[in-house]
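The values are calculated or read from the model by the stated rules, or taken from the named source; none is laboratory data. This is a predicted model, so every value here is computed, not measured. Here the Cβ positions follow ideal geometry from the backbone for every residue, glycine too, while neighbour counts run over all protein chains shown. Note: areas computed on protein heavy atoms with side chains; ligands, DNA, RNA excluded. Shrake-Rupley method; radii C 1.70, N 1.55, O 1.52, S 1.80 Å.
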Amino acid sequence: MSGKKVADVAVKAGRAIDWDGMAKVLVSDEARKEFATLRRTFEDVNHQLQTKYSQEPQPIDWEYYRKGIGSKVVDMYKQAYDSIEIPKYVDTVTPEYKPKFDALVVELKEAEKTSLKESERIEKEIVELKEMKKKISTMTADEYFEKHPELKKKFDDEIRNDYWGY
């Protein structure tokens, strides 16, 4: 794969990653720091691929060197240069890790859904607690038990069974 092709693939890979979407599902500060490091590293490598390896090397002007050095030496170097075979890069890593990565993406999306549901539940609970905090000084036991029928049942059972906590 030529340098230009590598750079093109790197650009496409960078666009395909939903960095903001992934960042939304992170909950701990440590995870956010690790994620920021990963993103920075990816962008650095991607930048290097785009700049350093995106251009094809300039062709050697053999005639220029023949005039200055002499054709015998230049022909010897040209022959050696032409005989060099650069092996083609065969990607053996991507096929091995692509299924694992795809599975992680699915797992991440599931974790995101779970996290969003949990966030909604917690937000509702916070609203309820704030509401209760406002009313607690004037709330009667009946009003409290109306919101928490399981506690009313527990207390009624304890009273019925003559259990007073000691």
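By a straight-distance test (C-alpha under 19 Å), which aspartates and glutamates pair with Lys109 as possible cross-link partners, with residues fewer than eight away in the same chain excluded? Output for Lys109: Asp18, Asp20, Glu34, Glu118, Glu120. Helix 149-160: angle to the longest alpha-carbon principal axis of the chain, degrees 0 to 90, nearest 10? Taking the Cα atoms of the chain, the angle to 149-160 is about 40 degrees. Surface composition of the chain: carbon plus sulfur atoms contribute 58% of the solvent-accessible area (1.4 Å probe, protein chains only, all chains present).
Accessible surface area normalised per residue over the chain is 90 Å², counting heavy atoms of protein chains with a 1.4 Å rolling probe. Relative contact order of the chain: 24 percent, from C-alpha pairs under 8 Å at least 6 residues apart in sequence.
Taking N as the residue count of the chain, its C-alpha radius of gyration divided by 2.2 N^0.38 Å amounts to 2.19.
Positive end of the dipole of the stretch 34-166 (Cβ unit charges, origin at the Cα centre): among Met139, Leu129, Gln48, the Cα lying farthest that way belongs to Gln48.
Largest to smallest in accessible area, the residues Met132, Met22 fall in the order Met22, Met132 (1.4 Å probe, all protein chains included).
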